[in-house]
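J.: Mind looking over this structure? Questions follow.
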Amino acid sequence: MEKDILDDIAAVDLTIKVSVDNPIDYKRLLILKQSTPARICIGRAGTRYKTSDYLRLRADHAVAMDAVWSYVDEKVVDELGFFKVETLVRDKEEYITRPDLGRNFSEEVLEVIKEKCINDVDVQIIAGDGLSSPAITSNLKEIYPMIVDGVKAKGYRIGTPIFVKHARVATMDKISEALKAKVTLILIGERPGLATGESMSCYMAYEASSKKAESQRTVISNIHKNGMVPVEAGAQIVQLIETLLKEKKSGTDLKL
């Protein structure tokens, strides 16, 4: 009996799929497809997408939606020894509609951070769910140990790792101020697109502060298995940490 289960359309490798009918130069289209994750070289049925291309678009959009509305598997952060806190946000809907609450902690939480976490460190590492929880679940186990090993090998004092639920990038400023860290970095899920729902960014700053402009931050983005792989990103992050500590500046003030 034949299977009555459809193949997973999301498993199709789009870099080798050309759906243009009767192309003049099929090999050239393949070269173009393999040069970018953009949805190029797709065919049409009249004025519309072909059914297979439209369904793949919907499937990838669903992945992006799931990335935003899901939660990090906290077993991952527990295994890595992260201290867990939450912002003022109560749920995902409020997280989406009130970015300001995702940038702040209650006074009680800030006091707990000061009491339970190491103060006056050279490097403070934070992980936050951001707009893609799968980004943390998928990448943190690879990148975090590499950063820690690299920082310790250079002789810098590292702080208690902190995981922030319902995090925005600016939570790093509040934690930096509370713990008086020299360099603070946050590994956070990026806003997902249609290419992947697992992309992570690393924002870092020297003496991060809520009184400073957004331009204080130095950023490495597109960290995932099909972008900048976590191992490579970890090595670059360690190098940047050393640069920030030596130059005592970050963001647009830092001339690399």
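J.: Check Lys182, Lys248, Lys211 and return the single one that is crowded, with 16+ Cβ neighbours inside 10 Å, farther than 30 Å from Lys33 by Cα, of a type outside the set (Ser, Thr, Tyr) and not assigned by TED's automatic domain parsing to the domain that holds Asp53.
T.: After ruling out the rest, the residue left standing is Lys182.
J.: Here's another thing I want to ask about it. When only residues in the range 128-153 that are of a type in the set (A, V, I, L, M, F, W, C) and touching a strand residue (DSSP E or B) at 6+ places or on another chain (Cβ under 9 Å) count, which is surrounded by the fewest Cβ atoms within 10 Å (Cβ to Cβ)?
T.: Filtering the range 128-153 down to residues of a type in the set (A, V, I, L, M, F, W, C) leaves 131, 135-136, 140, 143, 146-148, 151, 153.
Checking which are touching a strand residue (DSSP E or B) at 6+ places or on another chain (Cβ under 9 Å) leaves us with 131, 135-136, 140, 143, 147-148, 151.
Values: Leu131: 23, Ala135: 28, Ile136: 28, Leu140: 23, Ile143: 23, Ile147: 23, Val148: 18, Val151: 23.
Per the stated criteria, the residue is Val148.
J.: So, one more: Working only within the range 117-154, note down all residues that are under 30 Å from Trp69 (Cβ atoms), assigned to a helix (DSSP H, G or I) and out of contact with any Ser or Thr (no Cβ under 7 Å at 6 or more places or on another chain).
T.: Scanning the range 117-154 gives Ile136, Thr137, Ser138, Asn139, Leu140, Lys141, Glu142, Ile143, Tyr144, Pro145, Met146, Ile147.
J.: If you take the residues of the range 58-82 that are in a helix (DSSP H, G or I) and of a type in the set (Val, Ile, Thr), which of them is surrounded by the most Cβ atoms within 10 Å (Cβ to Cβ)?
T.: So in the range 58-82, the residues in a helix (DSSP H, G or I) come out as 58-69, 74-79.
Still in the list and also of a type in the set (Val, Ile, Thr): 63, 68, 76-77.
Working: Val63: 17, Val68: 19, Val76: 18, Val77: 24.
Only one residue tops the list, namely Val77.
J.: Shifting gears a bit: Could you list all residues from the range 45-75 that are under 30 Å from Cys117 (Cβ atoms), under 15 Å from the mean Cα position of the chain (by Cα) and in contact (Cβ under 8 Å) with a residue 40 or more places away in the chain?
T.: Ala67, Val68, Ser70, Tyr71, Val72, Asp73, listed by residue number.
J.: Would you mind stating whether Glu86 is within 20 Å of the chain's Cα centre (by Cα) and loosely packed, with under 11 Cβ neighbours inside 10 Å?
T.: no
J.: Then there's this: Does any residue of the range 234-242 turn out to be surrounded by fewer than 18 Cβ atoms within 10 Å (Cβ to Cβ) and closer than 20 Å to Asp60 by Cα? Lay out the reasoning, then the answer.
T.: Taking the range 234-242 as the starting set, the residues that turn out to be surrounded by fewer than 18 Cβ atoms within 10 Å (Cβ to Cβ) are 235-236, 239, 242.
Among the residues that remain, those that are also closer than 20 Å to Asp60 by Cα are: none.
No, that holds for no residue.
J.: Contact list please: Cβ distance under 8 Å, first residue in the range 98-116 and more than 14 Å from Lys165 (Cβ to Cβ), second residue modelled with pLDDT under 95 and exposed (fewer than 15 other Cβ atoms within 10 Å of the Cβ), pairs at least six apart or on different chains.
T.: Within 8 Å, no pair qualifies.
J.: Pairs only if they're at least six apart or on different chains, beta carbon under 9 angstrom, first in the range 187-202 and within 27 Å of Gln239 (Cα to Cα), second among the basic types (Lys, Arg) and in a strand (DSSP E or B); list them, first residue then second.
T.: Correct list of pairs: empty, since none qualify.
J.: Limited to the range 204-256, what total is found for residues that are outside any helix (DSSP H, G or I) and of a type in the set (A, V, I, L, M)?
T.: Of the residues in that region, 11 qualify.
The values are calculated or read from the model by the stated rules, or taken from the named source; none is laboratory data. For clarity, every value in this text was computed on a predicted model and none was experimentally measured. Please note: Cβ atoms are built from the backbone with ideal geometry, for glycine as well, and neighbour counts cover all protein chains shown.
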